[in-house]
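One structure is given here, and the rest of the page talks about it.
What follows draws every value from the coordinates through simple rules; no lab data is involved. Model, not experiment: these values are computed from the prediction. Backbone-built Cβ (ideal geometry, glycine too); neighbour counts: all protein chains shown.
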Amino acid sequence: MIQELDICQIRDILPHRYPFLLIDRVINVVPGKQLTAIKNVTVNEPFFDGHFPHRPIFPGVLMLECIAQASALLASLALDARASQKNLYLFAGVDKARFKRPVEPGDQMVIEVSLAAHKKGLWRCSGRIEVDGQLTCSSDVLFTHRAIE
């Protein structure tokens, strides 16, 4: 059983790269069932220049992307898939998205995802993000893993 993945291992699995790779570390995996990851939020991230210059807030849409990337890691580990120019993950839907509190530079997001369903190349995962034990975001994401030509 895999317990942790560092950033090098994550980069071997996900095709995302800076500035869009939003998972820094995986701290726990129950294969095919759930995954817990970490995102350390720093003021140096490029979107903070415009969101918002007077009070930097981590964008909600990027919190959803964190849930999606953690979910893609969970699916990739189940498929034994690796980053490549021949496949990618595509969003198919977002349901039940809720934002409870802002995330700011200096926060550490703990992203927990669990597999809800997998059918014919379509994955549904439920995810939540906490900072200091407080819920900041929750959502279900639907995505597919596709080979590209």
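For this structure, a couple of remarks:
- Sorted by Cβ neighbour density within 10 Å, fewest at the top, the residues ILE13, ILE129: ILE13, ILE129
- The calculated 222 nm mean residue ellipticity attributable to helices in the chain amounts to -6000 deg cm²/dmol, summing -39500 (n - 2.57) over DSSP H runs of n ≥ 4 and dividing by all residues.
- Counting charges near LYS86 (Lys, Arg +1; Asp, Glu -1) among other residues having Cβ under 11 Å from its Cβ returns a value of +1.
- The trypsin sites (Lys or Arg not before Pro) of the range 1-97 that DSSP puts in a loop, and whose beta carbon has at most 16 other beta carbons within 10 Å, are ARG17, LYS33, ARG82, LYS86.
- Charge dipole (the chain, unit charges on Cβ, about Cα centre) - positive-most of GLY106, ILE27, GLY60: GLY60
- Degrees between helix 60-79 axis and first principal axis of the chain (Cα, 0 to 90, nearest 10): 20 degrees
- Alpha carbon centroid spacing (whole Å) that separates the range 106-138 from the range 1-60: 12 Å
- Counting neighbouring beta carbons within 10 Å and listing from fewest to most, the residues THR36, THR144 come out as THR144, THR36.
- Of [x] 45, 28, 28; [y] 65, 34, 30; [z] 45, 33, 26, the label for Cα extents along the principal axes in Å derived from the coordinates: [x]
- Straight-distance candidates among the lysines for linking to LYS119, with alpha-carbon spacing under 21 Å and chain neighbours fewer than 8 residues away dropped: LYS33, LYS96.
- Dipole magnitude (debye, nearest 20) for the chain, charges at Cβ of Lys, Arg, Asp, Glu: 520 debye
- GNM on the chain, alpha-carbon springs under 10 angstrom: the most fluctuating residue among ALA72, ALA116, ALA92 is ALA92.
- Neighbourhood net charge (12 Å Cβ-Cβ; Lys/Arg +1, Asp/Glu -1) for ARG101: -2
- Distant-in-sequence amide H partners of GLY32 (H built 1.01 Å from N, under 5 Å): ALA78
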